[in-house]
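Have a look at the structure below, then the notes.
The values are calculated or read from the model by the stated rules, or taken from the named source; none is laboratory data. Quantities reported herein were computed from a predicted structural model and do not represent experimental measurements. Here the Cβ positions follow ideal geometry from the backbone for every residue, glycine too, while neighbour counts run over all protein chains shown.
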Amino acid sequence: MKILTISDNPNIFSGLAKVHRHVIDGLVGKGFDVAPAVWFAFDTKTMAMMQHGHKPEQPEYKGIKMYPLARNENAPLAAHDICKMARPDVVLTIGDHWNFYYMHAVKNKLDYKFKWVAYLTVEEEEIDKKKWQPLYRYMDAVCVPSQFGQDSIAKLGVKAHVIPYGVDEVFQRLHDEKRAQLRAERGIKDDEIRLITVAQNTLRKNLPSILQTAQELKSGSEGDKFKFYIHTNVGAIDPCETYVFDLIKLAKRLGVDDMVTFPKDVSLFEGSKDELLRDEYNASDYYLSTSLSEGYGMPVLEAMACGVPCLANATSTLFEHVGVPYEELSSLPPDKLRRALHYDYTRRGPRGALFRSRVDILPADKFVSMVDPKALAQELRLLKTMRMMKPEALSKPELFDTRKIAAACEDYARRASWKGMVEALAEVIGQMETRTIIPVEEI
């Protein structure tokens, strides 16, 4: 069976690229004929040469030829042509549903039929039914990495298989002596709390809220006891790459450049080795997620695999990662805006905490759970105070026992594997030999 996969270039350093790498490796290992179509196929130098008429060789991944696919208005025609050339039995797309808005047209226009398996990263609880339900009718099977994604898609009347991503084995908790050494190398003292965030510099990741939180902490008496490491692209060294905020300039303007550090060079094409990122996790006390939403949140799981609990904005998949049910948090009436919009207290779970947030509105009518820097700073001060208390002085000591939390995080992070992901996807793909969907056009 021939499978055409569509996602990020597996040679780059995004989360989807990592998923795509494991999908390709796993399916090839199971004997499938895999043809990858990829976004971000070329680096800066190659793209500059292409602007002057250079025609690069077809990119490869481990000897497998890849089809470059732009993420612009040319994507529908390119996807059509790639499918026409590759003639796959199954097209496996990996990403958000809006990235594949053209797939219904591709299925209709080709002179042969293929099955579409959509492996979706769902970030929204309320999906626009009128806008997106017609596209879902063309999907022969839907898979998602989270329970949140399954629940969200169910509102469209679509059943989805929950297939979590894995965590690379390199991410693991190091022994205490090594962790102490890593902290010392970074100038982190025993009485200081270090928080790490790993995210691309986009609007959705909301990284400036970390700097605002640092400013709130600095205004207090113990602001110098908190250190933040933001593993992100502080600029864009590649034409394909997006960076929204000038974080270095913002840190200086807010007066927190002594509390916040960034990596030297991180981009889609020049990322850090996993071993270096593992060390950054192990040198940290908490993982901090300020995202407006997450389709999965892979760095959260990588940090947990290193025994690092998560402090997160209350949104999307972070509920299940931290281990806090929606129903326990909502302070709103049970209407369509219930669940992840707002709650008036921080709730601790077995693997971390969801902190208080506020409701904001983004264009045109999107409600989001937004970080409140003052509330987050208050919670961080409280966490520091609790670290100094003896377990017997706490009402629920099991929630604050560092060893137990670390063990719970590690157990959760290892609940799924890349091998298990591929096995589950292969099973779904295998069902495509007998299953057929005939879409009904709306008139």
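Just to check your reading of the model, which residue among Gly95, Gly53 is on the phi > 0 side of the Ramachandran plot and modelled with pLDDT under 95?
On inspection, the qualifying residue turns out to be Gly53.
Can you tell me how many residues within the range 43-54 are closer than 18 Å to Tyr67 by Cβ and either in contact (Cβ under 8 Å) with a residue 60 or more places away in the chain or outside the structural domain of Lys18 (by TED's automatic domain parsing) (or both)?
Within the range 43-54, residues that are closer than 18 Å to Tyr67 by Cβ and either in contact (Cβ under 8 Å) with a residue 60 or more places away in the chain or outside the structural domain of Lys18 (by TED's automatic domain parsing) (or both) number 2.
Name every residue in the range 272-288 that is surrounded by fewer than 24 Cβ atoms within 10 Å (Cβ to Cβ), not in a helix (DSSP H, G or I) and not acidic (Asp, Glu), in order of residue number.
Ser272, Lys273, Tyr286 - these are the residues of the range 272-288 that are surrounded by fewer than 24 Cβ atoms within 10 Å (Cβ to Cβ), not in a helix (DSSP H, G or I) and not acidic (Asp, Glu).
Does Ser221 satisfy being of a type outside the set (A, V, I, L, M, F, W, C) and more than 24 Å from Asn282 (Cβ to Cβ)?
yes
Condition first: buried (at least 23 other Cβ atoms within 10 Å of the Cβ) and basic (Lys, Arg). Now tell me which residues in the range 206-236 satisfy that.
Answer for the range 206-236, where residues must be buried (at least 23 other Cβ atoms within 10 Å of the Cβ) and basic (Lys, Arg): just Lys227.
Out of the residues in the range 341-368 meeting the condition of being farther than 27 Å from Cys306 by Cα and part of a loop (DSSP other than H, G, I, E, B), tell me which one is modelled with the lowest pLDDT.
Within the range 341-368, the match that is modelled with the lowest pLDDT is Leu341.
Sort out which residues of the range 2-42 are on the phi < 0 side of the Ramachandran plot and assigned to a loop (DSSP other than H, G, I, E, B), and write them in order of number.
Scanning the range 2-42 gives Asn9, Pro10, Asn11, Ile12, Phe13, Ser14, Lys30, Phe32, Ala41, Phe42.
Among the numbered criteria (1) free of Cβ contacts under 8 Å to residues at least 60 places away in the same chain; (2) touching an Asp or Glu at 6+ places or on another chain (Cβ under 8 Å); (3) among the acidic types (Asp, Glu), which single criterion is violated by Asp168?
(1)
What residue, among those in the range 301-330 that are over 30 Å from Lys178 (Cβ atoms), surrounded by 24 or more Cβ atoms within 10 Å (Cβ to Cβ) and small (Gly, Ala, Ser), is modelled with the lowest pLDDT?
Ala314
Identify, from the list Ser316, Ser291, the residue that is out of contact with any Leu (no Cβ under 6 Å at 6 or more places or on another chain), outside any strand (DSSP E or B) and at positive phi.
Ser316
Tell me yes or no: at least one residue of the range 255-266 is under 24 Å from Glu169 (Cβ atoms) and either crowded, with 22+ Cβ neighbours inside 10 Å or not charged (D, E, K, R) (or both).
yes
Of the conditions (1) loosely packed, with under 15 Cβ neighbours inside 10 Å; (2) in contact with a Phe, Trp or Tyr (Cβ under 8 Å, 6 or more places away or on another chain), Glu169 satisfies every one except a single condition; which number is it?
The failed condition is (2).
Can you spot a residue in the range 148-162 that is farther than 20 Å from Val91 by Cβ and either β-branched (Val, Ile, Thr) or in the same structural domain as Thr317 (by TED's automatic domain parsing) (or both)?
So far as the range 148-162 goes, yes, one or more of its residues are farther than 20 Å from Val91 by Cβ and either β-branched (Val, Ile, Thr) or in the same structural domain as Thr317 (by TED's automatic domain parsing) (or both).
Against the definition (surrounded by 15 or more Cβ atoms within 10 Å (Cβ to Cβ) and modelled with pLDDT of 95 or more), how does Ile3 come out, yes or no?
For Ile3, the condition - surrounded by 15 or more Cβ atoms within 10 Å (Cβ to Cβ) and modelled with pLDDT of 95 or more - is met.
So which of Leu268, Leu288, Leu207, Leu195 is modelled with pLDDT under 95 and either within 20 Å of the chain's Cα centre (by Cα) or in the same structural domain as Met50 (by TED's automatic domain parsing) (or both)?
After ruling out the rest, the residue left standing is Leu268.
Can you list residue pairs whose Cβ atoms sit under 8 Å apart, with the first residue in the range 178-192 being touching a residue at least 40 places away in the same chain (Cβ under 8 Å) and the second being charged (D, E, K, R) and part of a helix (DSSP H, G or I)? Count only pairs 6 or more apart in sequence or on different chains.
Listed by first residue and then by second, the contacts come to Leu182/Asp279.
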